1. Give me the pairs, please: first residue somewhere in segment 1-21 and more than 30 Å from residue 32 (Cβ to Cβ), second residue anywhere and at pLDDT below 90, beta-carbon distance under 7 Å, and either six or more positions apart or on two chains.
2. Within segment 114-135, how many residues turn out to be farther than 24 Å from residue 37 by Cβ, of a type in the set (Gly, Ala, Ser) and either in a loop (DSSP other than H, G, I, E, B) or open to solvent by 30 Å² or more (accessible area, probe 1.4 Å) (or both)?
3. Please state which one of 46, 111 is among the polar types (S, T, N, Q), crowded, with 21+ Cβ neighbours inside 10 Å and more than 16 Å from residue 289 (Cα to Cα).
4. Only residues that are touching a Phe, Trp or Tyr at 6+ places or on another chain (Cβ under 8 Å) and either in a loop (DSSP other than H, G, I, E, B) or more than 11 Å from residue 261 (Cβ to Cβ) (or both): list them for segment 203-225, please.
5. Might you let me know whether segment 273-291 holds any residue that is without any contact (Cβ under 8 Å) to a residue 60 or more places away in the chain, among the polar types (S, T, N, Q) and under 24 Å from residue 30 (Cα atoms)?
6. What are the residue pairs meeting all of these: first residue in segment 171-185, first residue in contact (Cβ under 8 Å) with a residue 24 or more places away in the chain and of a type in the set (Lys, Arg), second residue open to solvent by 70 Å² or more (accessible area, probe 1.4 Å) and in a helix (DSSP H, G or I), Cβ atoms under 9 Å, and 6 or more apart or on different chains?
7. Among the residues of segment 219-266, which ones are open to solvent by 40 Å² or more (accessible area, probe 1.4 Å), touching a Lys or Arg at 6+ places or on another chain (Cβ under 7 Å) and over 21 Å from residue 150 (Cβ atoms)?
8. Check off (1) of a type in the set (D, E, K, R); (2) outside any loop (DSSP other than H, G, I, E, B); (3) buried (at least 19 other Cβ atoms within 10 Å of the Cβ) for residue 138 and give me the number that stays unchecked.
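The values are calculated or read from the model by the stated rules, or taken from the named source; none is laboratory data. Model, not experiment: these values are computed from the prediction. Because the Cβ atoms are built from the backbone with ideal geometry, glycine has one as well, and the counts that use them run over all protein chains shown. Heads up: the accessible areas ignore ligands, DNA and RNA and are worked out on the full protein's heavy atoms, side chains in. Shrake-Rupley method; radii C 1.70, N 1.55, O 1.52, S 1.80 Å.
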Amino acid sequence: GELLRAMGGVKASATLLGVPLGHNSSFLQGPAFAPPRIREAIWCGSTNSSTEEGKELNDPRVLTDVGDVPIQEIRDCGVEDDRLMHVISESVKTVMDEDPLRPLVLGGDHSISYPVVRAVSEKLGGPVDILHLDAHPDIYDCFEGNTYSHASSFARIMEGGYARRLLQVGLRSITKEGREQGKRFGVEQYEMRTFSRDREKLENLKLGEGVKGVYVSVDVDCLDPAFAPGVSHIEPGGLSFRDVLNILQNLQGDVVAGDVVEFNPQRDTVDGMTAMVAAKLVRELSAKISK
């Protein structure tokens, strides 16, 4: 933050913060191993450091990195999830203390979105609009007895009043409770079965007016497994990678923070393909955040 302030002319710089948490997964805990694999892929020599719009990732005005929250070490000390979620929130606020840094969080499972969004909203002093790309709505009131489940993160966010609008895009594994919870919280849910009808609207979104900005949460399984097989919950019939980029790149709004979650390196069997997909998402989100 001090370096960027000295450079001048930087309104926002995307800043990687790893949150290697996987124990709130309902199926596999592999996403805990994702942050270092994503970083490795970001800087892989097989590609250059330019984003599609021409920003250079090796410019600290575009992307910086503050490392990982030591999740496992904290849990080894006997810290329960209530306190752990607080630690994650405080870590995000610490990043935001260093203007012009803006957190771009590497998960981890999707349970991390709750403490991250909470921190962003509390730090900025009001709710945000959320664009959530996912195969699942993750809005169960409580999943398998766990209120902090990765399948319940957005219920906690909406209960807390941290979001004004929540748009969920790419849904294709949604239960009756998922739809009921969506109605309860006024969520705008866009299912893949109607994507061809909704495409024009979703590729021309305008969010964040009248609130503190836009938060973007990308669960890698929003993509069809043909593009990203390295996920815990494989759900055919998803978005293409270009669909996702069109939605993100055309989004109008001040993106103040975001996350990329649910990449599972233990299932990434096709020569690290999904790691590169996750890295590309981070690259393009960095371009969207940095100003």
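1. Correct list of pairs: empty, since none qualify.
2. Within segment 114-135, residues that are farther than 24 Å from residue 37 by Cβ, of a type in the set (Gly, Ala, Ser) and either in a loop (DSSP other than H, G, I, E, B) or open to solvent by 30 Å² or more (accessible area, probe 1.4 Å) (or both) number 2.
3. Just one listed residue meets the conditions, 111.
4. 223
5. yes
6. 172/193
7. The one that is open to solvent by 40 Å² or more (accessible area, probe 1.4 Å), touching a Lys or Arg at 6+ places or on another chain (Cβ under 7 Å) and over 21 Å from residue 150 (Cβ atoms): 252.
8. It is condition (2) that residue 138 fails.
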